[in-house]
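Note sheet for the following structure.
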Amino acid sequence: MKNKSLLSLKKSGQSIWLDFISKSLLQSKELQKLVDEGILGVTSNPSIFEQAISKSNDYDEYISYVIEQGAIQPKAIYENLAISDIQKACDILFELYEKTNTQEGFVSLELDPNLCNDVEKSVDEAKRLYKSINRTNLMIKVPATQAGFEIIYRLVLSGISVNVTLLFSIESYQQANKAYCKALEERVSKNLKIDHIHSVASFFLSRIDTKVDNLLQKIIDTQGQNSQIAKSCLGKTAICLAKKAYQSYEEFYQSSYAKNLLAKGANPQKLLWASTSVKNKNYNEFLYVTNLVFKNTVNTLPVATLESLLKSNQELIPSSIDDTDNYLDYLSKISICTKSITDELLIEGIDIFKKAFMNLLSAIQQKALNLEKKRSEEHTSELQS
């Protein structure tokens, strides 16, 4: 019997993806079990790969193999590992992808974040990885920088599905959606197919609340006239902005322009709720799950949150769009500007992604050195025996 939580979310029109990938998850058939239970997609990122590689021996044999095949640089080794894992994950989800007429069953792979402001290099890397993985249910992850919007347009124009990451503001989501639709419209004008191309726009949540709550707490600590307003706003900003983004999504796809594009085979760019593990222990662990159950959205959950949700086996009901404007007015009254905050979060997010990628490459380099040392010692031992 499938899990009640996942069944109720699916009934509401929301897909749940797993924000994790590892060789053991793939080889143990645990991912297949989760898919059977109702998981509809998978996302990956450098931090996830770094943890999987550095904290286990699962990749040792494969790292040794790719080195023997000539992959010496850490990034080349990483790409070999990532391509192998992503291919396996795509294959596990491919039956679901076909069964749902390409609406579900996607796996996302992130580009090197150091290239996020270089359109040409990002597009070239994305096309190279897409060709190497050679799976139609692959999505390439692209950060929502100004260069990123052009990268999105170029990739979709070439027929590649895209996962737009590091979205914190409604304006950035709208730009990402515009780039996506512009590329689809151009493909239609060239008599090219568009019904196989998909996109999700990953709206990051917990990072918003962490930053805003820190500002609110400073106001609360002053015990001034705005302290009560600030206290009432704690833990609400991310959900408010996410709901505003969903309102924008609904309004756009009800427009005559969007309906015309959909009629020609376009798939809407769905909003995806990302960064959904709460950072404040005082908040309910399902804060970013129960409050954002909307049709045609995706919620990607880390392992711990997903396990807790499955264990709870609770039925979840569709969320409502309440008066978000009033909340934003409260923030404005106490001099908290969400635009400056979301702009900062994008810059910080890029830096975090870059550091995570460098940590990943360092972990691979250290692992490769350790394996080479071990092999050398074993060889010396054999000669001495």
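The values are calculated or read from the model by the stated rules, or taken from the named source; none is laboratory data. No experiment lies behind these values; they were computed from the predicted model shown. In this analysis, Cβ positions are derived from the backbone assuming ideal geometry, glycine residues included, and neighbour counts consider all displayed protein chains. The accessibility values were calculated without ligands, DNA or RNA, using every heavy atom of the protein model including side chains. Shrake-Rupley method; radii C 1.70, N 1.55, O 1.52, S 1.80 Å.
Scanning the range 309-341 for residues being in contact with a strand residue (DSSP E or B) (Cβ under 9 Å, 6 or more places away or on another chain) and either hydroxyl-bearing (Ser, Thr, Tyr) or open to solvent by 80 Å² or more (accessible area, probe 1.4 Å) (or both) gives a total of 1. For the range 1-34, the set of residues classified as buried (at least 21 other Cβ atoms within 10 Å of the Cβ) and in a helix (DSSP H, G or I) consists of Ser5, Leu6, Leu9, Leu25, Leu26, Leu31, Leu34, listed by residue number.
Looking across the range 291-304, the residues that are assigned to a loop (DSSP other than H, G, I, E, B) and over 15 Å from Ser5 (Cβ atoms) come down to Phe294, Lys295, Asn296, Pro302. Scanning the range 324-335 for residues being at pLDDT below 85 and either small (Gly, Ala, Ser) or within 16 Å of Ile170 (Cα to Cα) (or both) gives a total of 2.
The residue that is farthest from Gly105 (Cα to Cα), counting only those in the range 130-144 that are open to solvent by less than 10 Å² (accessible area, probe 1.4 Å) and over 14 Å from the mean Cα position of the chain (by Cα), is Ile133. Asn359 meets each of the listed conditions (1) assigned to a helix (DSSP H, G or I); (2) under 24 Å from Lys236 (Cα atoms); (3) of a type in the set (S, T, N, Q); (4) at pLDDT 90 or above apart from (2). For beta carbons closer than 7 Å, sequence separation of 6+ or different chains, a first residue in the range 325-346 that is in contact (Cβ under 8 Å) with a residue 12 or more places away in the chain and a second that is in a helix (DSSP H, G or I) and small (Gly, Ala, Ser), the qualifying pairs are Ile334/Ala230.
Just one of the listed residues (Ala258, Ala245) is among the small types (Gly, Ala, Ser) and touching a strand residue (DSSP E or B) at 6+ places or on another chain (Cβ under 6 Å), and it is Ala245. Answer with yes or no whether Tyr288 is assigned to a helix (DSSP H, G or I) and within 24 Å of the chain's Cα centre (by Cα). Here the answer is yes, as Tyr288 does meet what is asked. Does Ile197 satisfy the criteria of being within 22 Å of Lys75 (Cβ to Cβ), out of contact with any Pro (no Cβ under 9 Å at 6 or more places or on another chain) and open to solvent by less than 10 Å² (accessible area, probe 1.4 Å)? The answer is no for Ile197.
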